[in-house]
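First up is the structure itself, then whatever we jot down about it.
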Amino acid sequence: MEWITRGMSLSFLVLSLVSLSVQQHEYDCLTEPVGARCCCYGKDLFNHGEVVVSLPESCLQLVCQDTHIVAEYFNSPGDSHCCEFNGQVYPDGCVLTGQCLEVICRRGRWFLTGNYDECCAHCELTNDPHITTFDGYRYDWHGTCNYSVTQSDFSLDPHVGVFSDFEPCNAWASCLGHTTFRDNPNTIITMRVSSLFLPLVNGIPYPVPTSLSQVIVNGVPHPVLAYKSGSCVTFIGSCQLVVRHCSNRLDVIAHPAHMRQLDGLCGHFNGYQMDDFTSRQEVVHPLQYRPLAFPLSWLTDDQCEEKCKDECPELMGCEGEGTHDPCTLDHDGEEWRHYWKLCWKKLGNIVGKDVKRQHYIETCAFDLCMLNQNNMGEREEFRWLEALAENAHLAMAIPHFKGERQESDKRIHNYYDNGNYNNHNNFNNHNNHNNYNNHVNNHNNHNNHNHNNYNNHVNNHDHNNYNNHVNNHNNNNNYNKGPRQQPLK
């Protein structure tokens, strides 16, 4: 009886909507050309084959078919618990394809399955900032203006893109201020570090839920799924980009459908490092750890600071291909080794033998050098080490994608082989990835954070499935060697 009642209600709804279309036809569609196949609904005109109304809770869509609005059911009339994304309705149990993170519809809600497309590629920016491109090349850029992180063409107004505004921090460096994710021209999401859980969607505040949900603002659905976890917000776009923004890092994961179509600070995405430094002018600049000409070419025309509108907006100048190392220490000297020891002590048990993540030690030592070089004090040093430890934990929760390449860093292994760190054996005892959960819990208990929820989050709302795959990553990715890195031959 319940099914019959529901079916009668749906039939009445469909008849009412179609009736409304017919009533409005004579009023609104008089200008429709003879022989056109479009439909009128209210005061709107829909082309043949276009969806007029989606009713995922009833597994139903109203579609324009040859001037008539007809009902299209998914499964059987009376079924429910369907999901909607990007104008399409998906039956219960259906997997959303074409995404780097696999998503499934369960009883009217989207959930991450824990599976992912290994052919996707990952770009990361960690304060202050240290950047790894989609193709795995690492470099530093300390600009303090608005830059294109990645975008779908070379123009100043791309269809799809991620753009970040960097602000001065730690005396010399720059940190993420706010980031804009343009999934499409009608869905523009702005995230500010100061209020990550309340981003703006087309200028309207949107409270990010803890469970994976479609972004709906003022009753208008957008083709983006979102959720928050720990200190991060994650957006899965119809454009086949995943954007995760945390307090001190930004991660962008690109589907292979974007191969050879993305450029920006994340490099030219094509699986080949040597052309990663392709400028907005389509000039390929030489790879180097501290570039200048390449990142400057990716300044946007959306600048908040007046100085960023100048021809030469950055302190590093605007002449030449690269910049100098601002850390004046001898990288073979005692003070530099002291910073390495501090960083190994804080981060070594987190990154373990994962060669792709061990560059966190190198960049940590650089950060401590700059902090002390600018007389920031021990308190700021401690705070920054805590932030770097959080960054490393978050990085360990991201799978290794085949789109990235890595190799062992001989400098790091040589450092241990030369006996520079007397806790070498203790470090090795913790390299087993089975101890990862213990390290997360120890870190979180110390900082009163809940980042260990990455390990328990599946039981709560199925969103941290990244962790299921940390141990399954591929080791065929290339690893670049830090501040003295040379372009791959």
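Quick notes on this structure:
- Residue, modelled with the highest pLDDT, within segment 85-135, restricted to residues that are of a type in the set (Val, Ile, Thr) and touching a Lys or Arg at 6+ places or on another chain (Cβ under 6 Å): Thr132
- Selection count where residues are open to solvent by less than 30 Å² (accessible area, probe 1.4 Å), among the aliphatic types (A, V, I, L, M) and touching a Phe, Trp or Tyr at 6+ places or on another chain (Cβ under 7 Å), scope segment 244-273: 3
- Among residues of segment 137-151 being in a strand (DSSP E or B) and of a type in the set (S, T, N, Q), the one that is surrounded by the most Cβ atoms within 10 Å (Cβ to Cβ) is Thr150.
- Any hit, segment 83-100, residues being under 25 Å from Thr150 (Cβ atoms), touching a helix residue (DSSP H, G or I) at 6+ places or on another chain (Cβ under 8 Å) and open to solvent by less than 20 Å² (accessible area, probe 1.4 Å): no
- Of the residues examined, Asp325 is not one that is at pLDDT below 95 and open to solvent by 60 Å² or more (accessible area, probe 1.4 Å).
- Against the test of being open to solvent by less than 10 Å² (accessible area, probe 1.4 Å), over 28 Å from Pro56 (Cβ atoms), outside any strand (DSSP E or B) and aromatic (Phe, Trp, Tyr), the options Phe166, Phe154, Phe134 yield a single qualifying residue, Phe134.
- Among the numbered conditions (1) touching a Lys or Arg at 6+ places or on another chain (Cβ under 6 Å); (2) crowded, with 22+ Cβ neighbours inside 10 Å; (3) not small (Gly, Ala, Ser), the only one that Leu385 does not meet is (2).
- Output for segment 233-243, where each listed residue is surrounded by fewer than 21 Cβ atoms within 10 Å (Cβ to Cβ) and in contact with a helix residue (DSSP H, G or I) (Cβ under 9 Å, 6 or more places away or on another chain): Gln240
Residues checked against (1) at pLDDT 90 or above; (2) open to solvent by 10 Å² or more (accessible area, probe 1.4 Å); (3) closer than 30 Å to Phe401 by Cα:
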{"site": "Glu334", "(1), (2), (3)": "yes, yes, no"}
{"site": "Asn349", "(1), (2), (3)": "yes, yes, yes"}
{"site": "Gly352", "(1), (2), (3)": "no, no, yes"}
{"site": "Lys356", "(1), (2), (3)": "no, yes, yes"}
{"site": "Asn374", "(1), (2), (3)": "no, yes, no"}
{"site": "Arg379", "(1), (2), (3)": "yes, yes, no"}
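- Of all residues in segment 45-66 being among the polar types (S, T, N, Q) and in contact with a strand residue (DSSP E or B) (Cβ under 6 Å, 6 or more places away or on another chain), the one that is most open to solvent (accessible area, probe 1.4 Å): Ser54
- Val217, sole failed condition from (1) modelled with pLDDT of 95 or more; (2) buried (at least 20 other Cβ atoms within 10 Å of the Cβ): (2)
- Among the residues of segment 284-294, some residue qualifies, meaning at least one is over 27 Å from Asn391 (Cα atoms), open to solvent by 30 Å² or more (accessible area, probe 1.4 Å) and outside any helix (DSSP H, G or I).
- Only one of Thr180, Thr190, Thr210 that is of a type in the set (Val, Ile, Thr), more than 16 Å from the chain's Cα centre (by Cα) and open to solvent by 20 Å² or more (accessible area, probe 1.4 Å): Thr210
- Evaluated against (1) buried (at least 21 other Cβ atoms within 10 Å of the Cβ); (2) over 30 Å from His268 (Cβ atoms), Phe74 falls short on exactly one condition, (1).
- Residues that are of a type in the set (A, V, I, L, M, F, W, C) and open to solvent by 10 Å² or more (accessible area, probe 1.4 Å), drawn from segment 111-131: Phe111, Leu112, Cys119
- Test result for Leu315, aliphatic (A, V, I, L, M), closer than 24 Å to Phe166 by Cβ and open to solvent by less than 40 Å² (accessible area, probe 1.4 Å): no
The values are calculated or read from the model by the stated rules, or taken from the named source; none is laboratory data. Just so it is clear, the model here is predicted, and its values are computed rather than measured. A quick note on method: Cβ atoms are made from the backbone with ideal geometry, for glycine too, and the neighbour counts reach across all protein chains shown. Protein only, heavy atoms only, side chains kept; ligands, DNA and RNA dropped before computing areas. Shrake-Rupley method; radii C 1.70, N 1.55, O 1.52, S 1.80 Å.
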